[in-house]
Amino acid sequence: MADRVTVIGWDGSPLTAAARSALGAATLVAGAAHHLALPEVPAGAERIRLGSVALAARRIAGHRGTAVVLADGDPGFFGVVRTLRAPEFGLEVEVVPAVSSVAAAFARAGMPWDDAQVVVAHPRTLRRAVNVCRAHTKVAVLTSPGAGPAELGLLMEGVHRTFVICEELGTAREQVTVVTSDKAADHTWRDPNVVIVIGGPAGAADTGWIAGRDPASGPRGWSLPAEAHGGGLGEGERELLRVSQLARLGPRVGDLVWDIGCGSGLFATEAARAGAAVLAVDSDLGACARTDATARRYGVQLQIVHGTAPHVLENLPEPDVVRVGGGGAAVVSAVADRRPQRIVTHAATRDTAERVGRDLTEHGYRVECALLQSVELDTRVWTETERSVAFLLSGVLPARGA
């Protein structure tokens, strides 16, 4: 095992005395091509071109001598330190940090970033990174080959955002470009790069108390207050049913939620408050307008689609979880064809509930059904004011877990 392993972050500025000292004593140096070309790398040191960090860690673990790993930015922030410290390699590391590429990108843009979400986009996580960009007003995306600005722009079709693209930060080839998201696919971008994605309603002016989105913003509870909807509720929007649907879907950051038959927009807004990206669909223009007003009132991002399901669903991006608030069994069946992880809907009669349940089962979903009854009381005289009854159905794809 290496006698000593030092991880040095590099942001393009001159190396610190501690970094130069560690490099001067190194018998093995791992890094990208531009790191290994630094004049401070000893001529006699073994050099490893850093592709797979895990492979490099195995080489370092078997090395007898002093090893140095060079990495861009802060190696402890979505960097190599996590892999090097994995138990299977048994490495103890010292870290000499530098300015992270995210901090550098926001500095070049002249923007604060304590209110930003930060995500990593690999080909396997690109869709979830895009969902975060759909749902939040300020996001920094650490990209990778095959999951860069062009791919982000293509997957954000229908959602307008501004991209601040920072290429090769800290090098002589550094460049910062501002484009709209729909134009990002028209260019070839150099790696490495960071994309700052901006758009949607402006955040609060104060500094807040927690990095990223404040989870305590807005009213308490899963369910918005009665005055939020500004009008009558549809049959599938009663509070008990709505909260039960939220509990079964469990929308979260990185998810894309479809709300089909969005009505007043209460469910869509509540899902967005949980950090998920939301596509709210309705055939009624008035419902689309009410949904937009509700979302704006509570400062969340929604993409609203006017059209009739199931036909309008054909060109929508793949969902993670879906609420079917309107359209009946035919829409539920069309949704199940798209294989979201979870589906919730409701039925007014047992016959309809059984029909929907059978269809979900045939699509491979594990189905649960509950009869919900809600009775509202006037607490001044404790008399019944309103009663609603509905069958709540939920389907989960067992193979895809929670």
_Taking 0.36 nm per residue of sequence separation and subtracting the Cα-Cα distance, how much length would be gained by fully extending the chain between residue 289 and residue 187, in nm to one decimal?_
33.2 nm
*Keeping every protein chain in place, order 10, 113 by accessible area at 1.4 Å, biggest value first, i.e. largest first.*
113, 10
*Gain upon complete extension [residue 314, residue 371; 0.36 nm per residue less C-alpha separation]*: 17.4 nm
*asked:* Modelling each spin label as a point 7 Å along the Cα-to-Cβ direction, I'd like the residue 306/residue 154 distance in nm, to one decimal.
replied: 3.0
_For the chain, calculated [θ]222 nm from helices alone, where every DSSP H run of n ≥ 4 adds -39500 (n - 2.57)_ = -7500 deg cm²/dmol
*On full extension of the chain, what length is gained from residue 17 through residue 61, given 0.36 nm per residue of separation minus the C-alpha to C-alpha distance?*
13.3 nm
_Treating only the Cβ of Lys, Arg, Asp and Glu as charged (+1, +1, -1, -1), what charge dipole size does region 67-210 show about its Cα centre? Round to the nearest 20 debye._
360
*Please give the residues of region 269-308, grouped as numeric ranges, whose backbone N is less than 19 Å from a label point set 7 Å along the Cα-to-Cβ vector of residue 210.*
270-277, 298-301
_Estimated inter-spin distance, residue 383 and residue 54, nm [label 7 Å along Cα→Cβ]_ = 7.0
*In what sequence, highest mean first, do 362-368, 294-300 appear when ranked by Cβ atoms within 10 angstrom?*
294-300, 362-368
_With Cα atoms, 0 to 90° folded angle of helix 126-135 axis to the chain main axis_ = 60
*Given a 1.4 Å probe and every protein chain left where it sits, what share in percent of the accessible area of the chain is carbon and sulfur?*
52
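Leaving out ligands and nucleic acids, and using a 1.4 Å probe, what accessible area per residue does the chain come to in Å²? Before the final figure, lay out the partial values.
Details: 19290 Å² over 402 residues.
Using a 1.4 Å probe on heavy atoms only, each residue of the chain averages 48 Å².
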*Can you list the HN-Hα couplings for region 342-356, worked out from phi with the Karplus curve (6.51, -1.76, 1.60; θ = phi - 60°), rounded to whole Hz and with x for Gly and Pro?*
9, 9, 10, 7, 9, 9, 7, 10, 5, 4, 5, 4, 5, 5, 5
*How big is the gap, in Å, between the Cα center of region 13-33 and the Cα center of region 363-398?*
64
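The values are calculated or read from the model by the stated rules, or taken from the named source; none is laboratory data. Since the structure is predicted, the reported quantities are computational estimates derived from the model, not experimental observations. Neighbour counts run over all protein chains shown; Cβ positions are idealised from the backbone, glycine included. Surface areas here come from the heavy atoms of the whole protein model, side chains and all, with no ligands, DNA or RNA. Shrake-Rupley method; radii C 1.70, N 1.55, O 1.52, S 1.80 Å.
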